[in-house]
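*Asks:* The structure follows.
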Amino acid sequence: MSRIGKQPVTIPAGVKVKIGDGKVMVEKGALELEQPMHPNVKVELGKLSRKDDQVAFTPDAAGDTIRVTRVDDGRLSKSVHGLMRTLINNMVVGVTSGYEKKLKIEGVGYAAKLDKKAVVLTVGFANQIRLEPPEGVTAEVPDATTIIVK
């Protein structure tokens with residue numbers, strides 16, 4: 001069994017998970033993410049219980065854990081098992097804390113600054129480069145050599 005795929009995904013408080021119609025939907029407040037399920041895996045919502053060093057999973061629609069299992073031991077099922085678990089975990093992380101990437105600019109005379117929503121880069125060209133982030137993405141420039149994309 002996949003080492004990643006066999007790990008359960010814990011659902012934090014305030015996050016709602018719906019499984020049905022071949023999709024997994026994760027939502028918290030106004031944020032909602034959706035992922036189609038692969039037919040070679042089965043996704044279940046339930047609760048984990050521990051007793052005498054044994055962990056048991058009980059399917060329950062109001063559970064706080066997601067378990068991903070594969071339907072057979074075929075090559076495709078094995079490869080998709082861990083992938084689906086990771087995608088679902090990333091959806092839960094995305095609606096709770098969001099995604100963030102820190103970028104560091106290195107070079108003599110290289111700098112970045114924020115102009116309204118756009119990031120303006122001075123990176124060795126004759127003109128400055130102006131980059132507008134797409135809708136739903138924000139950029140911060142705490143200092144001249146660091147850009148944080150959220």
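*Asks:* Could you give the length gained by full extension between Thr58 and Lys78, i.e. 0.36 nm per residue of separation minus their alpha carbon distance, to one decimal place?
*Replies:* Working: separation 20, 0.36 × 20 = 7.20 nm, distance 2.30 nm.
This chain segment gains 4.9 nm when fully extended.
*Asks:* Measure up Lys18/Lys78; Lys16/Lys104; Lys23/Lys47; Lys23/Lys78 against 27 Å on the Cα-Cα distance and list the ones that go over.
*Replies:* Working: Lys18/Lys78 24 Å; Lys16/Lys104 36 Å; Lys23/Lys47 20 Å; Lys23/Lys78 19 Å.
Going by Cα-Cα distance, Lys16/Lys104 fall outside the 27 Å limit.
*Asks:* Moving on. Relative to the longest principal axis of the chain, what angle (0 to 90°, nearest 10) does the C-alpha long axis of helix 75-96 take?
*Replies:* 60
*Asks:* Something else: With each label point set 7 Å from Cα along the Cα-Cβ vector, what nm distance links Ile4 and Glu135?
*Replies:* Between Ile4 and Glu135, the simple spin-label model gives 3.2 nm.
*Asks:* Which percent of Cα pairs goes in each bin when the distances of region 1-120 are cut into 10 angstrom slices starting at zero?
*Replies:* For region 1-120, the binned pair fractions read 12, 35, 25, 13, 11, 4, 0 percent.
*Asks:* Is the shape of region 98-142 best called rounded, prolate or oblate, per the rule: a/c under 1.5 gives rounded, else a/b larger than b/c gives prolate, else oblate, with a ≥ b ≥ c the square roots of the Cα gyration tensor eigenvalues? Let's see the in-between values first.
*Replies:* Numbers: a/c = 2.60, a/b = 1.52, b/c = 1.71.
Taking the square roots of the gyration eigenvalues as a ≥ b ≥ c, region 98-142 is oblate.
*Asks:* Using 0.36 nm times the number of residues separating Leu31 and Leu114, minus their current alpha carbon distance, what extension gain do you get? Walk me through the numbers on the way to the answer.
*Replies:* Details: separation 83, 0.36 × 83 = 29.88 nm, distance 2.63 nm.
That pair, Leu31 and Leu114, stretches by 27.2 nm at full extension.
*Asks:* Give me the net charge for the shell around Val24: Cβ to Cβ below 13 angstrom, other residues only, Lys and Arg +1, Asp and Glu -1.
*Replies:* Numbers: positive: Lys16, Lys18, Lys23, Lys42, Arg67, Arg85; negative: Asp21, Glu27, Glu32, Glu34, Glu44.
Here the charged neighbours net out to +1.
*Asks:* Region 1-88: which trypsin sites (Lys or Arg not before Pro) are DSSP loop and have at most 15 other beta-carbon atoms within 10 angstrom? Present the calculation step by step, with values, prior to reporting the outcome.
*Replies:* Working: sites: Arg3, Lys6, Lys16, Lys18, Lys23, Lys28, Lys42, Lys47, Arg50, Lys51, Arg67, Arg70, Arg75, Lys78, Arg85; in loops: Arg3, Lys6.
Within region 1-88, the qualifying trypsin sites (Lys or Arg not before Pro) (loop, at most 15 other Cβ atoms within 10 Å) are Arg3, Lys6.
*Asks:* Something else about it: List the GluC sites (Glu not before Pro) in region 10-111 that DSSP assigns to loop (not H, G, I, E or B) and whose Cβ has at most 15 other Cβ atoms within 10 Å. Which are they?
*Replies:* On the way: sites: Glu27, Glu32, Glu34, Glu44, Glu100, Glu106; in loops: Glu100, Glu106.
Answer in residue order: Glu100, Glu106.
*Asks:* Now for a separate question. Taking R0 as 35 Å, what FRET efficiency do you get between Lys18 and Thr146 from their Cβ-Cβ distance, rounded to the nearest 0.05?
*Replies:* Numbers: r = 38 Å, r/R0 = 1.10.
The calculated FRET efficiency here is 0.35.
*Asks:* Mean residue ellipticity at 222 nm from the helices of the chain, using -39,500 (n - 2.57) per DSSP H segment of n ≥ 4 over the full residue count, to the nearest 500 deg cm²/dmol?
*Replies:* -5000 deg cm²/dmol, from helical runs alone.
*Asks:* Continuing with this model, one more query. Leaving out ligands and nucleic acids, and using a 1.4 Å probe, what accessible area per residue does region 17-150 come to in Å²?
*Replies:* 67
*Asks:* Additional query: Counting only protein heavy atoms and a 1.4 Å probe, tell me what percentage of region 26-115's accessible area is made up of carbon and sulfur.
*Replies:* Values: 3020 of 5950 Å².
Ligands and nucleic acids excluded, carbon and sulfur give 51 percent.
The values are calculated or read from the model by the stated rules, or taken from the named source; none is laboratory data. Fair warning: this is a prediction, and the values are worked out from it, not measured in the lab. For neighbour counting, all protein chains shown are included, and Cβ atoms are generated from backbone atoms with ideal geometry for every residue, glycine included. Accessible surface is based on the protein model in full, side chains and every heavy atom, while ligands, DNA and RNA are left aside. Shrake-Rupley method; radii C 1.70, N 1.55, O 1.52, S 1.80 Å.
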